[in-house]
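Just below is one structure, and these are the notes that go with it.
The values are calculated or read from the model by the stated rules, or taken from the named source; none is laboratory data. On a predicted model such as this, the values are computed, not experimentally measured, just so you know. We place every Cβ from the backbone using ideal geometry, glycine too, and count neighbours over all the protein chains shown. In case anyone asks, the SASA skips ligands and DNA or RNA and just uses the protein heavy atoms, side chains included. Shrake-Rupley method; radii C 1.70, N 1.55, O 1.52, S 1.80 Å.
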Amino acid sequence: MRAAASAVNLARMTNFAGLTAAALSGLYRTGKASPVEVACDAFARIEAARALNAFMQLEPEPALAEAAQSEARWRRGAPLSAVDGVPATIKDNIWAKGLPTRRGSRTSDPAPAADDAPASARLRDAGCVILGKTCLPEHGWIGVCHSPLTGITRNPWNPEHTPGGSTGGGAVAAALGLGLLHLGTDGAGSLRIPAAFTGVVGMKPSFGQVPVYPPSMLNVLAHQGPITRTVADAATMLSVIAQPDARDPTAWNTPAPDFATGLELGVRGLRIALSMRLGRGGKLDPEIEAAVRKVARALEGQGAIVEEADPPLARAPDMIRVMWWPVMTGLVDAVAPERRGEMDAGLRAVAERGRRFSVGDYATAYAARADLHKAMLDFHARYDLLLTPTMPLTAFKAGLVVPDDADYGDDWIEWSPYTYPFNLTQQPAASVPCGLARNGLPMGVQVVGALRDDARVLRAARAVEQALPMPPPPGFG
């Protein structure tokens, strides 16, 4: 972090962090700002927020070189794309050429990646300036953000609290404007949980929308997507990273649309189901319930047709345990026995839980996803969108893996009941801020669409954002 500060040597910060990527490109186009100036500003902000521990590794010198090349292209009137020179970050379980992929683990290979992952490559192809890699819990095993390798990542709204995870570092970066476009992963909520906890936008696209390589051990649960300060930036970023890459045989690998097109069309006439508990019990903070109902009323006021209805997801909790825990077993068992003591004790405990399941159990759950998919197809024949809380509570204390309040459950599957069902069904789902609770921490609402209806999810997310604009956290700007 100190190296970043000495590399940029800025006397003061500017307000670039408050801009969208589109607005920043407009400044580049007119010569009112330069990519080098913006990259320097981003590194200065990162240094100022060093105590929150958002970054695993920074690359100021290569980033500033990329920014200088971008600046030259803009001066020639030949940018690579509309996001040429826009600063971006990559979660540290995704390949970025020349940087290690440590995955929050002391036992991982420290050698730099020889190639970019598809989404990383598309960001570079578009001219984005890669600032560095963001923190996550070890192998992304939990919806908070601390690891044996990097320590505790903290919430910018209150550093005593977690930013959520596993894309916790990316969420902090988005909230504080430490770059504009942040690439993360989501195997059971890892974009949406931290988005809700930090007051930003996290978009899990439909499975296959964004090519992934190398493949995740989480297989069909694993998605990659944007976590950003605004819906507009999420749409812009998704348009870039969803471009084809033949290395992923499960990806759609068709030209991605411009997801910013139609973003302002609103929700008039859309049929929206409102579900406060997905048809199950479980504790829900009354403030969050009230905030989500306020969102529903706002969308009704914009012309949507909202009614309460629960989706048919009763089997989801059992299915996610069978498909998640044994993968953690495999990750731990891949490490030499004499080094497993260096791994997170919580990860090792979950790995032991995974041993109770057989290959047959996993195969049965895997196949049962087809029934869940069919049930949601029928549900979306009646409703265009589903609206739920993203999380049943606001961010809890940093360093914990479960909330102090035992009523929320004793593992993340219980305290994050709204996110993982849509990894099982592979549907697009976005978390959008919907206000601050009395404790000063953000609350989030989740918008879920039918499979491949990512554009409509973003459109509704934008309608929420317009109705309930989110203030920035302390230390922003």
V359 passes all but one of the listed conditions (1) touching a residue at least 24 places away in the same chain (Cβ under 8 Å); (2) of a type in the set (V, I, T); (3) open to solvent by 40 Å² or more (accessible area, probe 1.4 Å); the exception is number (1)
Subset of the range 313-341 that is of a type outside the set (A, V, I, L, M) and either in contact with a Leu (Cβ under 8 Å, 6 or more places away or on another chain) or at pLDDT below 95 (or both) - its residue that is most open to solvent (accessible area, probe 1.4 Å):
R315
Screening G179, G281 for residues that are small (G, A, S), open to solvent by 10 Å² or more (accessible area, probe 1.4 Å) and not in a helix (DSSP H, G or I) leaves only G281
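Of everything in the range 435-477, what is among the basic types (K, R) and under 29 Å from L424 (Cβ atoms)? Give them in sequence order.
Just the residues of the range 435-477 that are among the basic types (K, R), to begin with: 438, 452, 456, 459, 462.
Hits for the range 435-477 are R452, R456, R459, R462.
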For the range 452-477, which positions are part of a loop (DSSP other than H, G, I, E, B) and out of contact with any Pro (no Cβ under 8 Å at 6 or more places or on another chain)?
P469, P471, P472, G477
Looking at D186, is it over 23 Å from P392 (Cα atoms) and buried (at least 24 other Cβ atoms within 10 Å of the Cβ)?
no
What are the pairs, 6+ residues apart or on separate chains, where a residue within the range 454-475 that is closer than 12 Å to A260 by Cα has its Cβ under 7 Å from a residue that is charged (D, E, K, R) and open to solvent by 50 Å² or more (accessible area, probe 1.4 Å)?
R462/E264
State the number of residues belonging to the range 391-434 that are open to solvent by 20 Å² or more (accessible area, probe 1.4 Å), aliphatic (A, V, I, L, M) and in a helix (DSSP H, G or I).
1
Taking the range 78-101 and keeping only residues that are open to solvent by less than 40 Å² (accessible area, probe 1.4 Å), more than 18 Å from I46 (Cβ to Cβ) and under 19 Å from the mean Cα position of the chain (by Cα), one is left with I94, T101
Identify the residue in the range 148-176 that is of a type in the set (S, T, N, Q) and open to solvent by 10 Å² or more (accessible area, probe 1.4 Å) and, among all such residues, is nearest to S416 (Cα to Cα).
N158
So, first residue modelled with pLDDT of 95 or more in the range 31-48, second residue among the hydroxyl-bearing types (S, T, Y) and open to solvent by less than 20 Å² (accessible area, probe 1.4 Å), Cβ within less than 8 Å, six or more apart or across chains; the pairs are S34/Y28; P35/Y28; P35/S70
